[in-house]
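The values are calculated or read from the model by the stated rules, or taken from the named source; none is laboratory data. Remember, it's a predicted structure, so these values are computed and weren't measured experimentally. Note that we place each Cβ from the backbone using ideal geometry, even for glycine, and neighbour counts take in every protein chain shown. Calculation scope for accessible area: heavy atoms of the full protein, side chains included, ligands and nucleic acids excluded. Shrake-Rupley method; radii C 1.70, N 1.55, O 1.52, S 1.80 Å.
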Amino acid sequence: MKLAYEEAGSGELVVLLHGFPLSRQMWRAQIDALSSGYRVVAPDLRGHGASPLGQGVATMEAMADDVLELVDSLGVSRFVLGGLSMGGYVAFAFVRRHSERLRGLMLMDTRAAADTPEAALNRARTAEAVLAADVTPVVDTMMPRLFDPRSAERSPERLAEIKAVMQNTAAAAVAAALRGMACRPDSRPLLGAITVPTLVLVGETDVITPAAEAELMAQAIPGARLAVVPGVGHMAPVEDPGAVNSILVDFLASLPA
Ligand code: MLT
C-alpha cells in the first residue's frame, strides 16, 4: 500500500514511525532537527493521517511491508528505522521480515512483549465500542496516559494538537490497528538476534511502556544503548523534543558509515 509521508533533508535515510492512533505530525520537532544532517521520512501508517486503511486487520506485518514499499519507492537499500510505541511494534515486524535492510534501529517508548490475554481482550472490546460509536473512548482513555502531567502544564497547545490528531483518526482505522496490535507476536525471542546498532529510548514516567521494561529490552539486545529521558512520559519526543533530538543525533552520528 502507498503511504502518505513527509520528507525533509538529504543524506542517509532515517524513517520514523508514529504511535497509535497518531500520525507523522508527532515527529514535527524530530523532522526539523534531524533533517539538517539526514534524509528524514515520516509516513502515516495505514489508516492513520492521510494514508488509506486497506482491508481487514491492520497487522504489524502489513504495516512493516508498507514501510518496505515506501523505502523501495525512494530507491534506498539500507536505512535507520525508528518507531514509537505501535511504531516500535512495526519496527519489530520489520526486523523479523527485512532486517537486511536496516543500518540502525531506534526503539522509543515501546515494548517487545505481546499483549497479555487480558490486554488483547480489552483491545477487542474497545475495537467493538469504537465501531459502534466513535473514537472518543480511546482518546479519553489515552490522553492522560500519554503524557507526564508536567508536560500538560508546559505545552498545552501541543497536547491539544496531538489530541486533535487522535480525534481525526477514523473509527475503522482505530479498530483495525487495535486488532492488529492485539495479535502481534512476542518479539522478546528476537532481541538477542538483533545485530544492527540499536537505541532504546524511554520517557522516565512512561506508564504505557514503562522504563523498567525498556531497560530489560536494552539488556537483551546485544550492544544496545539505553536512554531514559527525565521528566517525560510515553510521548517523550513530543514532550521534550530538545532532549530526545540530542539523543537521536548522538546515536545516528555513532553509526558506522
Ligand atoms: C501507542 O502509543 O502506540 C499505543 O499506546 C501502543 C499500545 O496501545 O500498545
| Residues located in region 213-257, provided they are within 16 Å of the ligand (Cβ to nearest atom) and farther than 25 Å from Ile31 by Cα | Glu213, Met217
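A quick yes/no check of all residues on (1) farther than 24 Å from Ala113 by Cβ; (2) among the polar types (S, T, N, Q); (3) over 16 Å from the mean Cα position of the chain (by Cα):
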| site | (1), (2), (3) |
| --- | --- |
| Thr195 | no, yes, yes |
| Gly203 | no, no, no |
| Ala211 | no, no, no |
| Gln219 | no, yes, yes |
| Ala224 | no, no, yes |
| His234 | no, no, no |
| Gly242 | yes, no, yes |
| Ser246 | yes, yes, yes |
| Ala253 | yes, no, yes |
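Please verify whether Glu61 is under 19 Å from Lys2 (Cα atoms), open to solvent by 10 Å² or more (accessible area, probe 1.4 Å), in contact with a helix residue (DSSP H, G or I) (Cβ under 7 Å, 6 or more places away or on another chain) and not in a loop (DSSP other than H, G, I, E, B), treating the condition exactly as stated. Before you say what the answer is, go through the steps one by one.
Working: under 19 Å from Lys2 (Cα atoms): yes; open to solvent by 10 Å² or more (accessible area, probe 1.4 Å): yes; in contact with a helix residue (DSSP H, G or I) (Cβ under 7 Å, 6 or more places away or on another chain): yes; not in a loop (DSSP other than H, G, I, E, B): yes.
Criteria met by Glu61.
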| message | Being assigned to a helix (DSSP H, G or I), surrounded by 15 or more Cβ atoms within 10 Å (Cβ to Cβ) and among the aliphatic types (A, V, I, L, M) is the filter here; which residues of region 90-119 pass it? | response | Val90, Ala91, Ala93, Val95
| query | Of the conditions (1) under 26 Å from Ser51 (Cα atoms); (2) within 15 Å of the ligand (Cβ to nearest atom); (3) of a type outside the set (A, V, I, L, M, F, W, C), Glu128 fails just one. Which one is it? | reply | (2)
